[in-house]
1. Write out, first by first residue and then by second, each pair whose Cβ atoms fall under 7 Å of each other, whose residues are 6+ apart or on separate chains, and whose first residue, in segment 386-409, is farther than 18 Å from residue 252 by Cα while the second is of a type in the set (Phe, Trp, Tyr).
2. Could you check how many residues of segment 141-168 are near the ligand (Cβ under 8 Å from one of its atoms) and either in contact with an Asp or Glu (Cβ under 6 Å, 6 or more places away or on another chain) or outside any loop (DSSP other than H, G, I, E, B) (or both)?
3. Considering (1) more than 16 Å from the ligand (Cβ to nearest atom); (2) of a type in the set (A, V, I, L, M); (3) assigned to a loop (DSSP other than H, G, I, E, B), say which one residue 44 fails and leave the rest.
4. Suppose we keep only residues that are under 27 Å from residue 163 (Cβ atoms) and surrounded by fewer than 16 Cβ atoms within 10 Å (Cβ to Cβ) within segment 300-325. Which one would you say is farthest from the ligand (Cβ to nearest atom)?
5. Residues of segment 38-63 being over 17 Å from residue 224 (Cβ atoms), touching a residue at least 40 places away in the same chain (Cβ under 8 Å) and in contact with a Leu (Cβ under 8 Å, 6 or more places away or on another chain), which ones?
6. Checking residue 184 against (1) in contact (Cβ under 8 Å) with a residue 40 or more places away in the chain; (2) assigned to a strand (DSSP E or B): exactly one of these is not met. Which one?
7. Out of contact with any helix residue (DSSP H, G or I) (no Cβ under 7 Å at 6 or more places or on another chain) and either among the hydrophobic types (A, V, I, L, M, F, W, C) or at pLDDT below 95 (or both): is that true of residue 137 in this structure?
8. Residue by residue through segment 314-361, note down the ones that are within 19 Å of residue 292 (Cα to Cα) and acidic (Asp, Glu).
Amino acid sequence: MDQYIIHGGSTLRGEVEISGAKNAAVAIIPAALLVQGVCRIENIPQISDTDTLLTILTQLGARVSYLNKSTIEIDCTDARYQDAPYDLMRKIRASYYLIGSMLGRFGSAKTTMPGGCNFGVRPIDQHIKGMRALGADVNVKNGFVYADARDGRLHGARIYLDKVSVGATMNIMIAAVLAEGRTIIENAAREPHIVDLANFLNSMGADVRGAGTDTIKINGVEELHGGTYTIIPDQIEAGTYMVAAAATGGEVLIRNIIPKHMEGISAKLRETGTFIEEYEEALLVRGPDTLRRINLKTMPYPGFPTDMQPQFGVLLCLANGTSVITEGIYDNRFKYVNELRKMGAEIQVDGRVAVIDGGRRLTGAPVHACDLRAGAAMVIAGMVASGVTEIDDIHFIERGYERFVQKLNALGADIQVRYDESEFVSPGAFSVS
Ligand code: UD1
């Protein structure tokens, strides 16, 4: 199994460039299936989740080419309906967007139930509710999702989401763009990547209004045309480097970001005593001599993001005093706590609440990356711990962080990758070096 070997005790210093947003890219790539023509997409992150989705699109007949390491062209003009490749679909969560894009383009979709990080039960009932409201018959049988537009094309509808769901909001938007008539999504999620998906769709000829508010209106159009679109910077990648800078007591200039998207994360970091200076497209982050305890609760945007919760969990192990983290989105997102305990952390978990007895010195240990963000948190823990930390299951981390080790080492970290030769698979058909 591939591993990261981290020699702890580094102080991060320098500049880091943030890549395109994973959670925008993983919706925009499937949405390209709706477009007749060439979509040129800039600022695509080179991560395994985007590679997987591009492979799925090529298997549906799309032509995909890289113009440079972060710009691709996708041409789905000749795509034809077929069952989506299940082995790939199962690997990632975002494969659920193929339900919306295949229904919109072909009027039918057969996909697996999505994979992805395990934070407890992750139903897709709101996605299904939305597709049904748009006029699709949807059935889940033997781990597969079967969806068929009753009369070959979806029809606009008013859909109230019972839960604020990023995935359901984006999936319904994708499905509704080519539907006949107007769709209104109420109680929609408001994350920056939802606005980004709407901007992408509109730049290809769609009519989506209100993204970024809790009511999104989509006037269906007959077809989408090709165009060029640039994906926003990744809020969570940026936040992860901010926490890494603060935790190691370093000073890092985080470039290519949208400061507005970082406000919740910056606010909580400032409460810990971390210094943050804001520029137009960058943030300077300087860790304090002593970190202060805080309480935080994860919530839908503009609240504090659940995808930053594990990284803050590590930071608060170092802060003086007792901190409380409440996970407001998922039932089981504290699995990483067991791994941190191996490094000397003192944390009590009761359901969705973790109480962290801070001020501990972490010590290196062999640990797992339980999922994508938990894995990033363990890397931060490894950098601040004394001694050596070995992290396995790093494929989770590589699903979402472009050149993570290279970027951290350029800031002064000491991380090596130990590849298990017996398991070597090529980094992906679409990677360019
Ligand atoms: C997406 C992101 C993930 C992020 C999360 C919250 C992708 C591929 N994943 O996941 O990185 O952590 O948003 O920002 O973009 N729910 C239901 N029924 C549904 C859908 C969701 O009950 O049909 C629940 C979930 O279990 C969860 C909450 O709603 O408790 C929010 O989930 P959602 O926003 O949909 O997250 P994901 O799309 O799973």
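1. Between residues of segment 386-409 that are farther than 18 Å from residue 252 by Cα and residues that are of a type in the set (Phe, Trp, Tyr), the close pairs are 391/4; 394/4; 397/404.
2. 3
3. Checking residue 44 against (1) more than 16 Å from the ligand (Cβ to nearest atom); (2) of a type in the set (A, V, I, L, M); (3) assigned to a loop (DSSP other than H, G, I, E, B), the one that fails is (1).
4. Keep residues of segment 300-325 that are under 27 Å from residue 163 (Cβ atoms), which gives 300-313, 324-325.
So of that shortlist, the ones also surrounded by fewer than 16 Cβ atoms within 10 Å (Cβ to Cβ) come out as 302-303, 324.
Numbers: 302: 12, 303: 10, 324: 20 Å.
Out of the qualifying residues, it is 324.
5. 52, 55, 56
6. For residue 184, the exception is condition (1).
7. Against the criterion (out of contact with any helix residue (DSSP H, G or I) (no Cβ under 7 Å at 6 or more places or on another chain) and either among the hydrophobic types (A, V, I, L, M, F, W, C) or at pLDDT below 95 (or both)), residue 137 does not qualify.
8. Within segment 314-361, 346, 357 meet the criteria.
The values are calculated or read from the model by the stated rules, or taken from the named source; none is laboratory data. Please read all numbers here as calculations on a predicted model, not as lab measurements. Methodologically, a virtual Cβ is constructed for each residue, glycine included, from the backbone with ideal geometry; neighbour enumeration extends over all protein chains shown.
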